[in-house]
Amino acid sequence: MKSRFITFEGIDGAGKSSQIAAAVALIESRGLSVVQTREPGGTPLAEKLRALLLHDAMHLETEAMLMFAARREHLAAVIEPALAGGRWVVSDRFTDATYAYQVGGRGLDEARFAALEQWVHPHLQPDLTLLFDLDPIEAARRLAGTGDAPDRFEREQADFFERVRNAYLRRAAADPARIKIIDAAQTPEAIRREVEGIVLETCFQ
Ligand code: TYD
C-alpha cells in the first residue's frame with residue numbers, strides 16, 4: 001500500500017493535538033508504520049527554529065522564511081525519507097499553517113508565500129489534511145482552561161484568529177479534495193469518529 005502524508009491543521013485551541021494520537025493508532029492498527037511529527041519542528045535544528053519562532057519577536061517576512069527553513073529541514077531529514085521508505089507521516093501542521101497564520105493572520109504578501117512554497121516543496125502536498133474548524137472565542141476559552149503559559153501566537157487576539165480561521169477556510173475551498181473540514185465544536189468522541197471515517201475513506205480505499 002502506498003504510504004500517505006496526513007496533516008492536521010486549525011487555530012490554536014481547536015483540539016487537533018488530542019486527535020492525532022487516535023489517527024496514528026488507527027493507521028498502526030492496520031499494521032502500517034507511522035512517523036508522527038510536528039511543525040515548526042520535527043528535527044533537532046527545526047526544533048531550535050521553533051523555539052525562536054514561538055518566543056522571539058521578529059519581522060513578518062523573517063517569520064515566514066524561518067517557517068519554511070524549518071520545513072525544508074523537516075522535509076529533507078524526516079518526511080521525504082519516511083515516505084520513500086514506505087512509512088506513513090502524520091504531521092501536526094504543515095504549509096497550510098503558514099498560509100493561515102502568516103498570510104491570513106499577519107498579512108504576508110500572498111505571492112511571497114507562493115514563491116516560498118514553490119521553492120521548498122514544488123511537487124509534494126499532503127495526501128489528506130484535516131482542518132479543525134472552531135469559533136476563535138471558543139478556542140480561546142479552551143486554551144485558557146489548559147493553564148499553560150501562552151506562546152507568541154497564542155497571545156494574539158480574537159480578530160487575529162478570525163483572520164487565520166478564514167484563511168484556512170479559503171485554502172480548503174481551493175482544494176476540497178485534499179482538505180477536509182471537521183467541526184471542532186463537536187464532542188471529542190464525535191470528532192474521533194469523524195476523523196477515523198475520513199482517514200479510512202480517503203487513505204484505505
Ligand atoms: P502548535 O504546535 O499547534 O502549538 P502548540 O504546541 O502550542 O499546540 O503550533 C505552534 C504555533 O506555530 C501555532 O500557534 C501556529 C504557528 N505556526 C505558524 O504561525 N505558521 C506555520 O507555518 C506553522 C507550522 C505554525
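The values are calculated or read from the model by the stated rules, or taken from the named source; none is laboratory data. Just so we're clear, the structure is a prediction, and the values are computed from it rather than from any experiment. With ideal geometry, Cβ positions are generated from the backbone for all residues, glycine too; neighbour counts draw on all protein chains shown. Note: accessible area is taken over every heavy atom of the protein model, side chains too, but ligands, DNA and RNA are not part of it. Shrake-Rupley method; radii C 1.70, N 1.55, O 1.52, S 1.80 Å.
Please enumerate the residues belonging to the range 177-205 that are in a helix (DSSP H, G or I) and among the basic types (Lys, Arg). Walk me through how you get there before you give the answer.
Residues of the range 177-205 that are in a helix (DSSP H, G or I), as a first pass: 188-203.
192, 193, listed by residue number.
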Go through the range 14-49 and give me each residue that's part of a helix (DSSP H, G or I), closer than 26 Å to residue 138 by Cα and within 11 Å of the ligand (Cβ to nearest atom). 17, 18, 20
Could you figure out which of (1) away from the ligand (no atom under 13 Å from the Cβ); (2) at pLDDT 95 or above; (3) among the polar types (S, T, N, Q) isn't true of residue 157? (2)
List the helices (runs of 4 or more DSSP H) that sit entirely inside the range 78-176 and contain at least 2 residues that are aromatic (Phe, Trp, Tyr) and without any contact (Cβ under 8 Å) to a residue 60 or more places away in the chain. 110-120
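Here are some residues: 150, 122. Which one is of a type outside the set (S, T, N, Q), within 11 Å of the ligand (Cβ to nearest atom) and open to solvent by 40 Å² or more (accessible area, probe 1.4 Å)?
Numbers: 122 fails: within 11 Å of the ligand (Cβ to nearest atom).
So the residue among 150, 122 that is of a type outside the set (S, T, N, Q), within 11 Å of the ligand (Cβ to nearest atom) and open to solvent by 40 Å² or more (accessible area, probe 1.4 Å) is 150.
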So, in the range 50-67, exactly how many residues are without any contact (Cβ under 8 Å) to a residue 40 or more places away in the chain and more than 12 Å from the ligand (Cβ to nearest atom)? 2
Residue pairs meeting the criteria (Cβ under 7 Å; at least 6 apart or on separate chains; first open to solvent by 10 Å² or more (accessible area, probe 1.4 Å), in the range 2-13; second near the ligand (Cβ under 9 Å from one of its atoms) and not in a strand (DSSP E or B)): 12/143; 12/153; 12/154; 13/143
The correct count of residues that are open to solvent by 30 Å² or more (accessible area, probe 1.4 Å) and either out of contact with any strand residue (DSSP E or B) (no Cβ under 8 Å at 6 or more places or on another chain) or of a type in the set (Asp, Glu) (or both) in the range 35-48 is 4
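Here is a check on your reading of the model: is residue 74 open to solvent by 50 Å² or more (accessible area, probe 1.4 Å) and free of Cβ contacts under 8 Å to residues at least 60 places away in the same chain? Steps first, answer last, please.
On the way: open to solvent by 50 Å² or more (accessible area, probe 1.4 Å): no; free of Cβ contacts under 8 Å to residues at least 60 places away in the same chain: yes.
Criteria not met by residue 74.
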